[in-house]
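The values are calculated or read from the model by the stated rules, or taken from the named source; none is laboratory data. Predicted model, so just to flag it, every value in this text is computed and none were measured. Here the Cβ positions follow ideal geometry from the backbone for every residue, glycine too, while neighbour counts run over all protein chains shown.
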Amino acid sequence: MNFFFEPKGIAVVGATPEPHQGGRYLVDNLTLGYHGPIYPVNPKYNEIFGLKCYPRVSRIEGPLDLALIFVPAQAVPQVLEDCITKGVRGAIVESGGFAEVGPEGKALQDQCLDIARKGNLRIWGPNCMGLIDTTKQYVFSFITPEAWQGVMNPGHVSLIVQSGLLSGGFVTTLMGNKTVGLSKVCSIGNKSDIDETELLEYFLKDPATRVIAFYLESFVRGRRFFELAASSEKPIVVLKGGKSPQGAAASASHTASLAGNYELISGVLRQAGIHQADDFFEMVDIARTLEKGFYLQPPPDRKPKIAILSYSGASGIVTTDHMEKYGLTLARLSPRTQKRLEELSPAWMPVKNPVDYWPAMEKYGPVLTYKHAIEALHDDPEVDGIIVHLFAGFGIWFLNMKEIMVDIKMPRKPILFWLIGPEKGREPTRLTLEEEGWPTFFEIHRTVKVMASLFEQPRRRSRRSEISRFDFPNSMFFRELTHHEDEQKPKILDEYDSKKWLEALGLNVVKEVIIKGLDEALKTAKEIGYPVVLKGRAEGQVHKTEAGLVKLNLMNADQVKSAYQEMVGLKRDIKSFLVQPMLKGDFELIVGIVRDPQFGPVVMLGMGGVWAEVYKDVVFRMAPLNKEEIPEMVSDLKGQALLKGYRSSKRVNMESLANWLIKLGWLALNFEKIKEVDVNPLLVVDGEPIAVDATIILM
């Protein structure tokens with residue numbers, strides 16, 4: 001990978017002296033920052049900007065690691081062949097017209113990849129804008145030189161983006177505003193070869209990078225990405241594109257990406273300790289704040305406690321409302337802090353959090369007041385972080401923030417500023433704060449959300465040593481069962497066969513009896529004891545209730561007879577029936593497995609019944625799981641109160657629930673033929689989960 005970032009010689013294929021052309025900008029940008037050999041390639045010219053121009057890459061004399069390719073898509077395969085002849089190690093294909101435009105483009109992209117692999121050539125892109133290294137002033141991209149010259153703001157945030165936008169207009173906007181200090185920016189486009197996982201691995205080792213931020217529409221090697229992120233000591237922020245159905249369709253045409261199930265991906269990213277953003281500027285705001293390296297007191301079993309310092313009661317109220325939404329709480333100020341704040345506050349104004357310090361500002365002026373209050377709040381052991389409301393304008397409100405913040409000593413707790421005021425006073429104040437390492441924001445909700453993101457502590461550890469292990473039964477019965485299903489069963493296993501798998505794992509399933517005829521049904525119902533459930537077994541039928549094949553709460557023989565006759569009258573291919581006891585539970589859950597194309601087996605937990613159908617209250621985590629992850633999954637459900645014991649209901653046995661989820665994960669990991677497992681409902685009876693219906697779908 002290093003030959004992309006530190007190449008010994010660069011060829012620009014498609015170079016041109018013509019104005020306003022990408023091929024010209026590529027050469028211009030190299031001459032302004034790169035100090036190694038530059039080789040323009042274009043058979044039309046002998047020389048470009050004083051540099052010898054070559055008709056083709058293979059004719060270049062001298063060291064050459066990297067080719068920047070900006071020619072029509074159809075010409076790229078021949079260029080790659082020529083690069084291989086020369087011994088080039090990497091090619092950044094910035095041309096479009098590949099998989100993002102349809103099947104023909106995808107075939108061309110595959111052809112290029114096949115050529116590259118046979119010749120040990122690595123491809124970056126296609127359909128991308130290359131890379132930028134702000135520290136070295138390397139711009140391997142066709143953006144205009146005017147967009148970056150004089151405005152680069154070197155820092156320690158690296159961006160990897162599946163788009164040209166973030167290495168074009170968006171990044172130049174950030175640099176121009178001095179909003180974030182960037183280390184490297186990588187636009188990877190269709191990522192036919194070099195992908196986000198390979199770059200993540202590179203930046204985890206890069207000493208110039210402290211925070212890694214991604215805009216992605218898909219994950220090529222999701223499980224490897226997860227493993228790297230979950231064990232990372234560096235914070236990682238992800239903005240996932242294609243969350244909605246229409247957004248997913250747009251990503252398919254943008255970079256030919258399969259966006260995937262966003263709820264599933266969001267759960268997996270949360271499991272890995274990745275910070276998630278909802279738009280581009282929020283992604284950058286989270287990343288630049290994480291870069292500051294604030295001292296965080298991770299609250300083990302409580303919400304982070306935040307102090308609000310304001311000059312307005314109204315803004316304090318709005319900030320408090322947002323804090324509740326994002327899982328923060330108001331700090332209860334210590335008696336010592338109360339006394340320190342009361343030193344400047346008039347006796348008639350009680351000091352409480354949010355701290356409305358306007359009366360003190362009127363009497364002592366904003367500089368002394370802000371300095372005194374911020375220091376007092378920062379020293380309070382009951383305060384985890386501070387949100388400061390700041391007006392910067394004219395007169396006494398043209399604030400010297402260096403003087404105000406000078407006595408905040410290390411280690412620094414997070415202090416974030418909501419900043420307003422006319423631009424003439426606001427911008428110098430903002431720039432001073434940012435240069436001193438204090439993030440500023442123009443909206444209260446963004447300030448609060450970024451503060452909350454700081455306390456979403458990544459799991460800075462390797463998961464492998466903490467995975468809950470499960471040894472599969474080696475009984476002859478289980479081996480015969482799996483072999484039987486592999487060889488003879490259809491792709492969709494009915495609930496009886498599916499529950500055999502679950503039983504073999506030692507999971508709790510409802511007792512049931514297979515019957516063939518009415519007399520047998522009546523006899524079995526009497527033996528089980530009323531009320532009972534009657535179900536019809538039809539080949540490949542998943543949604544039995546909608547098909548009229550489930551009859552609940554049958555209280556006597558007449559009702560069993562009526563239900564049986566009604567099912568027979570449906571004229572479906574019913575091979576047999578199931579009789580089960582009618583269990584009365586406190587509530588229903590749904591658990592299962594989805595084999596995701598990007599992340600492999602993923603475990604699902606959700607509220608059953610109407611919660612699953614209407615509210616879609618489900619969470620996902622990648623298998624295998626550990627026991628510590630189960631309470632977090634429960635806490636992510638909207639209906640979590642039911643599982644924790646609501647009113648007269650008994651709380652779910654978390655050990656039993658963990659047993660279900662962990663074993664389902666290992667089932668899918670051990671049997672690649674399993675595509676889906678759906679246990680719905682998983683009925684909670686006296687706190688214990690019991691499967692009353694299940695479906696397994698095989699590949």
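Identify, please: which residue in segment 314-354 is more than 36 Å from the chain's Cα centre (by Cα) and of a type in the set (Gly, Ala, Ser) and is, among those, surrounded by the most Cβ atoms within 10 Å (Cβ to Cβ)? Among residues in segment 314-354 that are more than 36 Å from the chain's Cα centre (by Cα) and of a type in the set (Gly, Ala, Ser), the one surrounded by the most Cβ atoms within 10 Å (Cβ to Cβ) is Ser345. Considering (1) crowded, with 19+ Cβ neighbours inside 10 Å; (2) modelled with pLDDT of 95 or more; (3) over 18 Å from Gly9 (Cβ atoms), the lone condition that Glu104 does not fulfil carries the number (1).
Evaluating Pro126 against the criteria (1) touching a helix residue (DSSP H, G or I) at 6+ places or on another chain (Cβ under 8 Å); (2) over 19 Å from Lys191 (Cβ atoms); (3) in a loop (DSSP other than H, G, I, E, B) leaves one unmet condition, (2).
Quickly run through segment 410-454 and pick out the residues that are of a type in the set (Phe, Trp, Tyr), crowded, with 21+ Cβ neighbours inside 10 Å and in a loop (DSSP other than H, G, I, E, B).
To start, the set of residues in segment 410-454 that are of a type in the set (Phe, Trp, Tyr) comprises 417-418, 438, 441-442.
With the extra rule that they be crowded, with 21+ Cβ neighbours inside 10 Å, the set shrinks to 417-418, 438, 441.
Passing the criteria: only Trp438.
Kindly establish whether Ile236 is under 30 Å from Ala116 (Cα atoms), modelled with pLDDT of 95 or more and touching a strand residue (DSSP E or B) at 6+ places or on another chain (Cβ under 6 Å). If you could, list the steps in order and put the result at the bottom.
Values: under 30 Å from Ala116 (Cα atoms): no; modelled with pLDDT of 95 or more: yes; touching a strand residue (DSSP E or B) at 6+ places or on another chain (Cβ under 6 Å): yes.
Criteria not met by Ile236.
Tallying residues that are within 18 Å of Met323 (Cα to Cα) and either touching a Lys or Arg at 6+ places or on another chain (Cβ under 9 Å) or in a loop (DSSP other than H, G, I, E, B) (or both) within segment 378-389 yields 5. Of the residues that sit in segment 631-642 and are under 26 Å from the mean Cα position of the chain (by Cα) and assigned to a helix (DSSP H, G or I), which one is surrounded by the most Cβ atoms within 10 Å (Cβ to Cβ)? Among those residues, the one meeting the criterion is Met633. Among the numbered conditions (1) outside any loop (DSSP other than H, G, I, E, B); (2) under 20 Å from Ile674 (Cβ atoms); (3) not polar (S, T, N, Q), the only one that Gly540 does not meet is (1).
Tell me whether segment 444-451 contains one or more residues that are among the hydrophobic types (A, V, I, L, M, F, W, C) and more than 24 Å from the chain's Cα centre (by Cα). No, there is no match, as no residue in segment 444-451 is among the hydrophobic types (A, V, I, L, M, F, W, C) and more than 24 Å from the chain's Cα centre (by Cα). Of all the listed residues (Lys118, Lys184, Lys106, Lys86), the sole one being of a type outside the set (A, V, I, L, M, F, W, C), in contact with a strand residue (DSSP E or B) (Cβ under 9 Å, 6 or more places away or on another chain) and farther than 30 Å from Lys234 by Cα is Lys86. Restricting the search to helices (runs of 4 or more DSSP H) fully inside segment 1-93 and requiring at least 3 residues that are touching an Asp or Glu at 6+ places or on another chain (Cβ under 9 Å) and either closer than 19 Å to Cys186 by Cα or not basic (Lys, Arg) (or both) gives 2-5, 22-33. Does at least one position in segment 567-585 carry a residue that is modelled with pLDDT of 95 or more and among the aromatic types (Phe, Trp, Tyr)? Looking for residues that are modelled with pLDDT of 95 or more and among the aromatic types (Phe, Trp, Tyr), one finds at least one in segment 567-585, hence yes. All of Ala99, Ala147 fail the test of being closer than 20 Å to Ser218 by Cβ and among the hydrophobic types (A, V, I, L, M, F, W, C), apart from Ala99.
For segment 194-233, residues that are part of a loop (DSSP other than H, G, I, E, B), modelled with pLDDT under 95 and either assigned by TED's automatic domain parsing to the domain that holds Met622 or more than 29 Å from Cys112 (Cα to Cα) (or both) total 3. Each residue in segment 573-605 was checked for being more than 23 Å from Thr524 (Cα to Cα) and not acidic (Asp, Glu), and 17 pass.
Only one entry in Glu282, Glu324 is assigned to a helix (DSSP H, G or I), assigned by TED's automatic domain parsing to the domain that holds Phe170 and of a type in the set (Asp, Glu), namely Glu282.
When segment 393-409 is filtered for residues that are outside any helix (DSSP H, G or I) and charged (D, E, K, R), the ones remaining, listed by number, are Asp407, Lys409.
Residues that are among the small types (Gly, Ala, Ser) and under 29 Å from the mean Cα position of the chain (by Cα) within segment 659-699 comprise Gly665, Ala668, listed in sequence order. Within segment 58-78, being under 15 Å from Gly23 (Cα atoms) and aliphatic (A, V, I, L, M) holds for Ala67, Leu68, Ile69, Val71, Ala73, Ala75, Val76.
Evaluate segment 648-658: report whether one residue or more is within 29 Å of the chain's Cα centre (by Cα), crowded, with 21+ Cβ neighbours inside 10 Å and assigned to a helix (DSSP H, G or I). The answer is yes, given that some residue of segment 648-658 is within 29 Å of the chain's Cα centre (by Cα), crowded, with 21+ Cβ neighbours inside 10 Å and assigned to a helix (DSSP H, G or I).
Scanning segment 158-179 turns up at least one residue that is under 24 Å from Gly242 (Cα atoms) and touching a His at 6+ places or on another chain (Cβ under 9 Å).
Residues of segment 384-398 that are surrounded by 23 or more Cβ atoms within 10 Å (Cβ to Cβ) and of a type in the set (A, V, I, L, M, F, W, C): Ile386, Ile387, Val388, Leu390, Ala392. Just need a number here: residues in segment 303-324 that are touching a residue at least 24 places away in the same chain (Cβ under 8 Å) and farther than 11 Å from Pro354 by Cβ. The number of residues fulfilling the criteria is 4.
Considering only residues in segment 285-303 that are touching a Ser or Thr at 6+ places or on another chain (Cβ under 9 Å) and at pLDDT below 95, the one that is farthest from Gly327 (Cα to Cα) turns out to be Arg302.
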